[in-house]
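Read the structure below first, then the notes.
The values are calculated or read from the model by the stated rules, or taken from the named source; none is laboratory data. Being a predicted model, the structure only gives us computed values, none of them experimental. All Cβ positions, even for glycine, are placed from backbone atoms using ideal geometry, and neighbour counts span all protein chains on display. SASA here: full protein model, heavy atoms, side chains in, ligands and nucleic acids out. Shrake-Rupley method; radii C 1.70, N 1.55, O 1.52, S 1.80 Å.
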Amino acid sequence: MQEVSRYKLSSILATLAVILIVTVCLLLARWQWLRGENKESLLKQEQAHLAAPRSDLRKFLVTSPDLLHSAKIKVVGHFVQGNIWFLDNKVIEGQTGYDVVTLFDANNLNGMLLVNLGFVAAPASRTLPLLNLPDEQIELNLQIKSKDIQGFTLASQPAMDINQPNLLQYIDLSYFLNITGLSIYPFLTYQVGTQAVVGQPHYQAVVMSPQKHQAYALQWLLIGISAAAIGYFMLKKKEETQ
């Protein structure tokens, strides 16, 4: 009787373990598939923006921010001097450093553009770099990011070092509005292309292709099916030996 109870308990635990493994695999498969669909949507949105005529940039930028995501624009204007921030914890090609964030006053627009000018390496002492923005009028190629601007962070506020108020842990649009008192468009832009102003542009709206996400989804699905099949045959064999 004790042996039978022990057998039943082990069978139940084994079944629960298989169910758990299969469920996790199916959830991961679904997550990767949805990410692939999201990346596909972003690429289509980017292509639609490239194909759309851009006769009036000021009118275009008052569109809903979500619809502007991944759009590329070309602007001419001046940097707002005295406004430089450093976004912490960036690693590019094995180097640690910061992304340089500033404000750009583009000609014929109704507000300032918040611009990420790319990566600069951290000095050996981990102090903030000393940078000078160009005074003259300049042309920038930018790509808009209006979704998930903050990204993952454990910080409770954008600037947490009172000794370095321009060192940021994450991007919060309301923070820039409050400390500058300027009118700023409700999205972040990234400098794109190879022509660096002060930092190394590195932004990519889509890092992993939709096809790769779909391949990962298929991989997790097959792992889940395999786990279910192995679990089934193991339990069946165990029953036959009892």
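Annotations for the structure displayed:
- Within this structure, residue 86 passes the test of being more than 25 Å from residue 61 (Cα to Cα), in contact with a Pro (Cβ under 8 Å, 6 or more places away or on another chain) and in contact (Cβ under 8 Å) with a residue 40 or more places away in the chain.
- Residue count, the range 125-147 (criterion: assigned to a strand (DSSP E or B) and closer than 17 Å to residue 168 by Cβ): 1
- Number of residues in the range 94-115 that are acidic (Asp, Glu) and either surrounded by fewer than 19 Cβ atoms within 10 Å (Cβ to Cβ) or over 16 Å from the mean Cα position of the chain (by Cα) (or both): the value is 1.
- For beta carbons closer than 6 Å, sequence separation of 6+ or different chains, a first residue in the range 58-74 that is closer than 22 Å to residue 193 by Cα and outside any loop (DSSP other than H, G, I, E, B) and a second that is modelled with pLDDT of 85 or more and open to solvent by 50 Å² or more (accessible area, probe 1.4 Å), the qualifying pairs are 74/141.
- In the range 219-237, residue farthest from residue 25 (Cα to Cα) [restricted to those that are among the aliphatic types (A, V, I, L, M) and open to solvent by 60 Å² or more (accessible area, probe 1.4 Å)]: 234
- Consider the range 58-72 and keep the residues that are under 20 Å from the mean Cα position of the chain (by Cα) and of a type in the set (A, V, I, L, M, F, W, C). The one that is surrounded by the most Cβ atoms within 10 Å (Cβ to Cβ) is 71.
- Test: residue in the range 201-222 that is more than 16 Å from the chain's Cα centre (by Cα), among the hydroxyl-bearing types (Ser, Thr, Tyr) and modelled with pLDDT of 90 or more: no
- Filtering 179, 162, 171 for residues that are loosely packed, with under 15 Cβ neighbours inside 10 Å and farther than 18 Å from residue 105 by Cβ leaves a single hit, 162.
- Residues (in contact (Cβ under 8 Å) with a residue 12 or more places away in the chain and either hydroxyl-bearing (Ser, Thr, Tyr) or at positive phi (or both)) located in the range 107-145: 108, 118
- If only residues of the range 168-192 that are under 19 Å from the mean Cα position of the chain (by Cα) and assigned to a loop (DSSP other than H, G, I, E, B) are counted, the one that is farthest from residue 83 (Cα to Cα) is 192.
- Taking the listed residues 76, 91, the one that is under 20 Å from residue 135 (Cβ atoms), modelled with pLDDT under 95 and surrounded by fewer than 20 Cβ atoms within 10 Å (Cβ to Cβ) is 76, with no other qualifying.
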